[in-house]
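The values are calculated or read from the model by the stated rules, or taken from the named source; none is laboratory data. This one's a predicted model, so the numbers in the text were calculated from it and none came from an experiment. So basically every Cβ, Gly included, is an ideal-geometry build from the backbone, and we count neighbours across all protein chains shown.
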Amino acid sequence: MAAEGLLVDTNILIRSVQPLDPSYPAITTALERLVRSRVGLFYTSQNLGEMWNALTRPITRNGFGLTSLEADRQARQIESTFLLLPDNPAVHEEWRKMLVDFEISGVQVHDARLVAAMRVHGLKRILTLNDRDFRRFFDIKAVLPQDLL
């Protein structure tokens, strides 16, 4: 159980490896402060898959156009910096229950899966650029990078 820490949302992971992104300075400063404070920073396999998708998608399709080798290098950086929240049947069961209980549809199913992993592993906070994506989950606190500066 990860009692203290934050799940790092995919939008943070993607931008944390993109120095030219306008939000990069705030994100890296916030992450550095959390690391210095010894706060556990977590990711899921879903996060990494979503990051890989965005990094390798062509620029013409709103991606970053990286090769698989370049994406692998970025993924390894994430894996060596953050802690993996493992997927398991309890995460799946919590996610399925949440889909029905909250009447979740469309792209929101991805955020619900992250919240399910957080609930199962005892995390209460997520570092994100989109706090509104998590408002429906009253037991989860969305933290913006600028909140930590």
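Values computed for the structure shown
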read-out	value
Selection from the range 79-91 of residues that are in contact with a helix residue (DSSP H, G or I) (Cβ under 6 Å, 6 or more places away or on another chain) and in a helix (DSSP H, G or I)	Ala90, Val91
Residue identified as within 23 Å of Glu4 (Cβ to Cβ), β-branched (Val, Ile, Thr) and over 15 Å from the mean Cα position of the chain (by Cα) among Val115, Val100, Val120, Val143	Val120
From the options Ile27, Ile14, residue that is within 18 Å of Thr128 (Cβ to Cβ) and at pLDDT below 95	Ile14
Residue count for the range 21-30, restricted to those that are closer than 18 Å to Ile78 by Cβ and either without any contact (Cβ under 8 Å) to a residue 24 or more places away in the chain or among the polar types (S, T, N, Q) (or both)	5
Criterion (crowded, with 19+ Cβ neighbours inside 10 Å, of a type in the set (A, V, I, L, M, F, W, C) and more than 13 Å from the chain's Cα centre (by Cα)) met by exactly one of Leu55, Leu48	Leu55
Every pair of residues 6+ apart whose Cβ atoms lie under 9 Å, when the first sits in the range 63-81 and is without any contact (Cβ under 8 Å) to a residue 40 or more places away in the chain and surrounded by 14 or more Cβ atoms within 10 Å (Cβ to Cβ) while the second is of a type in the set (Lys, Arg) and assigned to a helix (DSSP H, G or I)	Leu66/Arg73
Residue within the range 25-47 that is part of a helix (DSSP H, G or I) and of a type in the set (Asp, Glu) present	yes
Those residues of the range 92-137 which are in a loop (DSSP other than H, G, I, E, B), touching a residue at least 12 places away in the same chain (Cβ under 8 Å), aliphatic (A, V, I, L, M) and under 16 Å from Asn11 (Cβ atoms), in sequence order	Leu129
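Residue by residue, here is whether (1) out of contact with any His (no Cβ under 8 Å at 6 or more places or on another chain); (2) of a type in the set (Phe, Trp, Tyr); (3) more than 24 Å from Leu34 (Cβ to Cβ) holds:
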position: Asn53; (1), (2), (3): yes, no, yes
position: Thr56; (1), (2), (3): yes, no, yes
position: Ser68; (1), (2), (3): yes, no, yes
position: Arg76; (1), (2), (3): yes, no, no
position: Glu79; (1), (2), (3): yes, no, no
position: Leu99; (1), (2), (3): yes, no, yes
position: Ile126; (1), (2), (3): yes, no, no
position: Phe138; (1), (2), (3): yes, yes, no
position: Val143; (1), (2), (3): yes, no, no
